[in-house]
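Working notes, beginning with the structure itself.
Please treat every number below as a calculation from the coordinates, not as lab data. Source: prediction; values computed, not measured. Neighbour counts run over all protein chains shown; Cβ positions are idealised from the backbone, glycine included.
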Amino acid sequence: MRTYIYKLKDDTGKTLHGFTDAYDKKDLKKRLRHSNYFFVAAEPAHREKIFNQKVDLESLLVFTRRLSSLIDAGIPILGAMHILWRQTEDKQMQLVISHLRNRLEEGKTLSAALEDFPRIFPGIYRAMIEVAEKAGGLTTILRRLTEHLEYQRVFVARVRRATWYPIFVICFALAVFVGMFTFFVPTYQKVLVRLKVELPFFTQMVLSISEFLRSPWTILGIIILVIGGTIGYRALSRSARFRYGMDRQKLKLPVFGDILRALTLGRFVRSLSILVASGLPIIDSFRVAKTTASNEFVADQIDAVQKKVERGNSLYDSFREVPLFPVMFVEMVGVGESSGTISQAFAHLADHFDEEVDYKQSRFFTYLEPALILIVGAIVLVTLLAIYMPIFSVWQGLMH
């Protein structure tokens, strides 16, 4: 049998997509005959490719929020999936929902069906659904997942702001530097040559930099360096040891390292709080929450804490023995553990890290923008002085 992606239309003309196995297109049409939809087209597909696809965070958030509302309204899970399949506009999400519906019709659990799409439904998502299936309260779990995904959206925006804005600033400063030395300076270089005067060392240095940047060999060297560096970095990134070392060094960067640490720890404890509050055992919660740490060094430190807890150590002692976690973090965990409110303690810590990220980002950008103005201004001023100093000297000579 082969896997086919098919296209149907309902009585309103809306296009719907799904996939299933069939011997050929004729067999597929026969299988879909009783679906009450109009068959449009079908094409062969690779099942593994469909299962390894990704959808954006917004699509997953919309799916979860709608599923939560439908279940809360008392609609059975299978009926809710059928409604979502018809409501969803995104083709990829239609394929996912159609498969989930088929698996549920086969008698599989929702958590088992979600396992087929590991790149769409993360570990924390699947684990919480499994907890709900065992202990009940699917509506509550889906509501928590919706809140978690909304937090993830904010988290992604924070990461982008923390990384892309400094990159933009650096690129802008470089663009000004290159523009001044490759377009502005050569224009006035011809004027300086016509003056036939001895140029100051400062001016000669600026002209030499300009000629160097405009040299074909320099341009070729930069291109080779960029391409070679990109290829080399990608090759090294396949090494777990290299990624571990890079992630560790990122945390040591001034300002940016503190922001990254707060972002990563905040995401981890937020996930831990939701999992523990949902009823997942603490060890299992660690195992799932650890996967949310995008920094391999941080993930390794979390793993060290997890192993200590597995050996019977308290959460307080386990976190205290790992240097990554600050004193306030450890003390709040200790208070939560002793009072039996550990999930609330994790939630408070997550809020604290969010506030810390916002504060440090605002301070960082407050200093960064004036620094950009100073750097760009210095580049322009130095270039103008180097160009106009000989011209002013000649003009003063003529006046005398």
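Note on region 1-135: dipole from Cβ charges, positive end direction compared against Tyr6, Ser98, Phe117; the farthest Cα belongs to Tyr6. What residue among Ile222, Phe202, Pro390 has its Cα farthest toward the positive end of the dipole of the chain, where the charges are +1 on Lys, Arg and -1 on Asp, Glu, each on the Cβ? Going by the Cα projections, it comes out as Ile222. Normalised size of region 101-218, defined as Cα radius of gyration per 2.2 N^0.38 Å with N residues, equals 2.26. Every helix of 4 or more DSSP H residues in the chain counts as -39500 (n - 2.57), and over all residues that averages to -24500 deg cm²/dmol at 222 nm. Ellipsoid fit via the Cα gyration tensor, region 183-268: semi-axes of 45, 19, 10 Å, each the root of five times an eigenvalue, largest first.
As an exercise, take the mean of 1/r over every pair of distinct alpha carbons in region 134-176, invert it, and state the Kirkwood radius in angstroms.
13.0
Taken over region 252-295, the ratio of Cα radius of gyration to 2.2 N^0.38 Å equals 1.30.
How big is the chain by the Kirkwood estimate over distinct Cα pairs, in Å?
This gives a value of 26.3 Å.
Between Ile227 and Thr163, the simple spin-label model (points 7 angstrom out along Cα→Cβ) gives 2.6 nm. Peptide packing: for 227-239, 278-290, 52-64, the average count of neighbouring Cβ atoms within 10 Å per residue gives the ranking 278-290, 52-64, 227-239, highest mean first. All other residues whose Cβ lies under 12 angstrom from that of Ile167 are scored, Lys and Arg at +1 and Asp and Glu at -1, for a net of +2. Compactness of region 266-330, taken as the C-alpha radius of gyration over 2.2 N^0.38 Å, stands at 1.01. Mean sequence separation of contacting Cα pairs (under 8 Å, at least six apart), scaled by the length of region 88-183, corresponds to a relative contact order of 13 percent. Pairs of C-alpha atoms in region 57-149 farther apart than 17 Å represent 45 percent of all such pairs.
Could you order peptides 114-120, 2-8 by the average number of other Cβ atoms within 10 Å of their residues, highest first?
Those peptides, ordered most packed to least, come out 2-8, 114-120.
Subtracting the Cα-Cα distance of Ala173 and Lys134 from their residue separation scaled by 0.36 nm leaves 8.4 nm.
Counting Lys and Arg as +1 and Asp and Glu as -1 over every other residue whose Cβ lies under 14 Å from the Cβ of Leu142, the net charge comes to 0. Measuring spread by the Cα atoms of region 2-45 yields a radius of gyration and Dmax of 9.8, 30 Å.
Say R0 is 30 Å: what FRET efficiency, to the nearest 0.05, do Asp284 and Lys14 get from their beta-carbon distance? Can you show the working numbers first?
Numbers: r = 41 Å, r/R0 = 1.37.
In this case the efficiency is close to 0.15.
Of interest is the spacing of the C-alpha centroids, which for region 220-254 and region 84-146 amounts to 37 Å. Computed from point charges on the beta carbon alone (+1 for Lys and Arg, -1 for Asp and Glu), the dipole magnitude for region 154-400 about its Cα centre is near 840 Debye. A simple packing score, the average count of other Cβ atoms within 10 Å per residue, orders the peptides 297-305, 17-25, 212-220 as 297-305, 17-25, 212-220, with the highest score first. Across region 261-400, Cα-Cα pairs farther apart than 27 Å form 42% of the total. Roughly what angle does helix 91-105 make with the longest principal axis of the chain, taking Cα atoms, 0 to 90 degrees, to the nearest 10? The answer is roughly 20 degrees.
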